[in-house]
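Have a look at the structure below, then the notes.
The values are calculated or read from the model by the stated rules, or taken from the named source; none is laboratory data. Just so we're clear, the structure is a prediction, and the values are computed from it rather than from any experiment. We place every Cβ from the backbone using ideal geometry, glycine too, and count neighbours over all the protein chains shown. Please note that ligands, DNA and RNA were not included when accessible areas were found on the heavy atoms of the full protein model with its side chains. Shrake-Rupley method; radii C 1.70, N 1.55, O 1.52, S 1.80 Å.
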Amino acid sequence: MERLNGKIVAQDIKNQIKIEIESRLTHGKKPPCLACIIVGDNPASQVYVSSKVKACNAVGMKSVVRALPEKTSESEVISVINQLNNDDEISAILLQLPLPKGLDERKILNYISPEKDADGLTDILLGKLFAGTNKIAPCTASGIIKILDAYNIDPCGKRAVVIGRSLLVGKSVAVLLEERNATVTVCHSKTKNLADITKEADILIVAIGKEKFVKADMIKLGATVIDVGINRTDNGIVGDVDYENVKENCSFITPVPGGVGPMTIAMLLSNTLELEKDREV
Ligand code: NAP
């Protein structure tokens, strides 16, 4: 079994981004700037936003954070998005999810200009993802593909099973795997006989948000297992896969933390740089 080390792969991507930004600066271009909008005081979201800001600093990108109170109305969030859409200093906008209850996530996300959609989650960019005409894909989904690439795990011709069908992760990574010629099955909470399906997977992606849900008897011997889950427990952050139970059955497995999480941030930086470059064309 080999651990897929997201920290190392993400660091390589960030190093390349840093070099590119430095070179752009010497050619008189300005550093890209990521705007993060956070609504409310969800502690996990605050940690995510501060690690995104730190990651921007580390590669020479700028960032701004617009922190809005829990009780912010839909129209107030939309008004902040519109300001950022019209602000020439801003390359990309990230709306930190989840939003507080009562705010319509899909409606609000779609106010982000597709030219500044850092996570590729507007309907327009998701449509392009589906059509295969996208440059930007949701960060976690593209991060999963990058980590597979880094370890020369080629999805072509493989059976891939994705558990979870969110736009943020499950559906998006399913599209990207199919683009790489995997045969993809997407499972969800209504799927019957889940283990029968997962046991056929050469590549198993798990994105459900349930601590240690996937056990050894759900894994095909020699599979690659990508654990997207982030579950906060008394014993720290735990994935959706029971790592200790499963690891001996796998060829490759991502740890939590240190697997998909760092890849997501690296791809956010990559998307921000790409969006800035597109603005210059
Ligand atoms: P989500 O929107 O809540 O979606 C969860 C999906 O899991 C749904 O499609 C749901 O099915 C499915 N599901 C739930 N229970 C299931 C079960 N018992 N059997 C099969 N499917 C089940 O969550 P998400 O945003 O995709 O995130 C999933 C996990 O990944 C969370 O732990 C999140 O924190 C983590 N995450 C990590 C990163 C990272 O960078 N590492 C990024 C994003 C998310 P239904 O559709 O039928 O309800």
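So the values come out like this:
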read-out	value
In the range 56-79, residue most open to solvent (accessible area, probe 1.4 Å) [restricted to those that are touching a residue at least 40 places away in the same chain (Cβ under 8 Å) and within 22 Å of PRO31 (Cα to Cα)]	ALA58
ALA141 being away from the ligand (no atom under 11 Å from the Cβ) and among the small types (Gly, Ala, Ser)	no
Count - residues of the range 24-55 that are among the charged types (D, E, K, R) and open to solvent by less than 40 Å² (accessible area, probe 1.4 Å)	2
Segments classed as helices (runs of 4 or more DSSP H), wholly inside the range 116-231, with at least 2 members that are free of Cβ contacts under 8 Å to residues at least 60 places away in the same chain and open to solvent by less than 10 Å² (accessible area, probe 1.4 Å)	170-179
Residue count, the range 250-267 (criterion: in contact with a strand residue (DSSP E or B) (Cβ under 7 Å, 6 or more places away or on another chain) and either of a type in the set (S, T, N, Q) or in a helix (DSSP H, G or I) (or both))	3
Unique match (being in contact with a strand residue (DSSP E or B) (Cβ under 7 Å, 6 or more places away or on another chain) and among the β-branched types (Val, Ile, Thr)) among ILE93, ILE13	ILE93
Meets criteria (touching a helix residue (DSSP H, G or I) at 6+ places or on another chain (Cβ under 7 Å), more than 8 Å from the ligand (Cβ to nearest atom), in the same structural domain as PRO155 (by TED's automatic domain parsing) and modelled with pLDDT of 95 or more) for VAL173	yes
Filter result (closer than 19 Å to VAL260 by Cα and of a type in the set (A, V, I, L, M, F, W, C)) within the range 1-33	MET1, LEU4, ILE8, VAL9, ALA10, ILE13, ILE17
